[in-house]
Amino acid sequence: MPLPTDDAARKALPIFDGVLMYFPDAIAAVAAVSKAGNDQHNAGEHLHWARGKSMDQMNTAVRHMMDHGSGVTKDTDGQWHLAKAAWRVLAALQLAIEAEAK
């Protein structure tokens, strides 16, 4: 689902007001996970999603949610388990949208 090009359709997607400003701390935590993951898996490279390096989005997301649910809120690297789960769910959603668009 790429961003629409029609002005009215674009204005009907409140990405800033309806997502980023609802969850600024959570979005920042997910961005920190993204940066930490890039530093770990793509050291020295520009920030990017190395899609082929870890593709088990749903099981990984659930493991992070289970860690959180058991009372361990942060992973050994200091990142929030829920932020890692959110990153994985966003990755799964992105891939599903892309697959449907084909």
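The values are calculated or read from the model by the stated rules, or taken from the named source; none is laboratory data. Remember, it's a predicted structure, so these values are computed and weren't measured experimentally. Ideal geometry is used to build each Cβ from the backbone, glycine not excepted, and the neighbour counts take in all protein chains shown. Please note that ligands, DNA and RNA were not included when accessible areas were found on the heavy atoms of the full protein model with its side chains. Shrake-Rupley method; radii C 1.70, N 1.55, O 1.52, S 1.80 Å.
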I'd like to compare 21-32, 83-94: which one has the highest average count of other Cβ atoms within 10 Å, and what's the full order after that? 83-94, 21-32
Inter-centroid distance (Cα atoms) of the stretch 4-35 relative to the stretch 44-102, Å: 18 Å
Rank-order 72-81, 58-67 by packing density, defined as the average count of other C-beta atoms within 10 Å over each peptide's residues, highest first. 58-67, 72-81
For the stretch 23-30, 3J(HN,Hα) per residue [Karplus equation, 6.51 cos²θ - 1.76 cosθ + 1.60, θ = phi - 60°, Hz, x = Gly/Pro]: 10, x, 5, 5, 4, 5, 5, 5
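Could you tell me what percent of the accessible area of the stretch 8-70 is made up of carbon and sulfur, with a 1.4 Å probe and every protein chain present?
Numbers: 2940 of 4650 Å².
Of all accessible area on the stretch 8-70, carbon and sulfur atoms account for 63 percent.
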With the other protein chains left in place, how much accessible area per residue, in square angstrom, belongs to the stretch 24-89 at a 1.4 angstrom probe? 65 Å²
Contact order relative to length for the stretch 6-96, counting C-alpha pairs under 8 Å separated by 6 or more residues, stands in percent at 28 percent
Once you've got the Cα coordinates, tell me which of K11/K35; K53/K84; K11/K102 are over 21 Å apart. K11/K35; K11/K102
